[in-house]
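Q: Below you'll find the structure I mean.
The values are calculated or read from the model by the stated rules, or taken from the named source; none is laboratory data. Keep in mind that this is a model prediction, so the values were computed, not measured. Glycine also receives a Cβ, built like all others from the backbone with ideal geometry; neighbour counts cover every protein chain displayed.
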Amino acid sequence: MKLLLLSLNPGAMRSFLDPASSGAALRIAYVGDAQDAYADAPFVQAERRAIEVLGHELVDITVRHTTPSDFESTLDGVDAVYVAGGSTFALLESLRVTGSDEVLVRRVRDGLPYIGLSAGAIIVGPDITPASLMDDPHDGPALTDHRGLGLMGQTVIPHADGMLPHYPPALISETVATYGSTHRLLLLRDDQALLIEGDRETMVDSNP
């Protein structure tokens, strides 16, 4: 199992992908469900460009409009999967209501490299409830619970340095105060990434 969980800056992606590429372009499945409500937002375009400038091909997937079998077929034809940032609750709902969450977990456990940014990092943990102050739970009205994918034992709290206007230090502090005693939280600054290789977790630099 190999995962790279990003807060914002993409710097750690190159070293994560390079061993698989051997200098050639990779095909990367780009799961954009968390961005549906923000399609024209500058941060969406910036996130895509961060991968494109590495010279890799993006294969767009909207899980909500894809059957689990088609999702699996797409994953058969790519070298890695990238789960973009945006609304954590909308993202988890898309995966859960289609049943594609089970496909994704199985394929990642079987070795498909996973990159998740912000919302894409949060859903990897056991429970996305701690994101409730950063994102709106009403974005996922069909969710009956907030269980994450369970690929790691902590819930990532991205943007923990409070540098982004939407996630100021007071909001990060409130999140920790509200959920820190009931959930295992991993605070991730925008210049950091968490690298998971098997059972080993390593915090790495991820500057632009």
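Q: Consider Leu149 against the criteria (1) part of a helix (DSSP H, G or I); (2) among the hydrophobic types (A, V, I, L, M, F, W, C); (3) within 18 Å of the chain's Cα centre (by Cα): it satisfies all of them except one. Which criterion is unmet?
A: Against the list (1) part of a helix (DSSP H, G or I); (2) among the hydrophobic types (A, V, I, L, M, F, W, C); (3) within 18 Å of the chain's Cα centre (by Cα), Leu149 comes up short only on (1).
Q: In addition: Among (1) free of Cβ contacts under 8 Å to residues at least 24 places away in the same chain; (2) farther than 23 Å from Pro10 by Cβ; (3) assigned to a loop (DSSP other than H, G, I, E, B); (4) not aliphatic (A, V, I, L, M), where does Pro165 come up short?
A: Result: Pro165 passes all but (2).
Q: What are the pairs, 6+ residues apart or on separate chains, where a residue within the stretch 186-208 that is surrounded by fewer than 11 Cβ atoms within 10 Å (Cβ to Cβ) and part of a strand (DSSP E or B) has its Cβ under 9 Å from a residue that is modelled with pLDDT of 95 or more and of a type in the set (A, V, I, L, M, F, W, C)?
A: Thr202/Leu194; Thr202/Leu195; Thr202/Ile196
Q: Can I ask one more? If I go through the stretch 153-191 residue by residue, how many of them are in contact with a strand residue (DSSP E or B) (Cβ under 6 Å, 6 or more places away or on another chain) and of a type outside the set (Ser, Thr, Tyr)?
A: Total meeting the criteria: 9.
Q: Okay, next question. Starting from residues that are among the charged types (D, E, K, R) and more than 15 Å from the chain's Cα centre (by Cα), keep the ones in the stretch 1-56 and report whichever is nearest to Ala80 (Cα to Cα).
A: So the residue we want is Arg27.
Q: Can you go through Asp127, Asp136, Asp76 and tell me which one is free of Cβ contacts under 8 Å to residues at least 24 places away in the same chain and of a type outside the set (Val, Ile, Thr)?
A: Working: Asp127 fails: free of Cβ contacts under 8 Å to residues at least 24 places away in the same chain; Asp136 fails: free of Cβ contacts under 8 Å to residues at least 24 places away in the same chain.
Answer to the selection: Asp76.
Q: Can you tell me which residue is surrounded by the most Cβ atoms within 10 Å (Cβ to Cβ) among those in the stretch 120-146 that are in contact with a Gly (Cβ under 7 Å, 6 or more places away or on another chain) and assigned to a loop (DSSP other than H, G, I, E, B)?
A: Filtering the stretch 120-146 for residues that are in contact with a Gly (Cβ under 7 Å, 6 or more places away or on another chain) and assigned to a loop (DSSP other than H, G, I, E, B), the one surrounded by the most Cβ atoms within 10 Å (Cβ to Cβ) comes out as Ile123.
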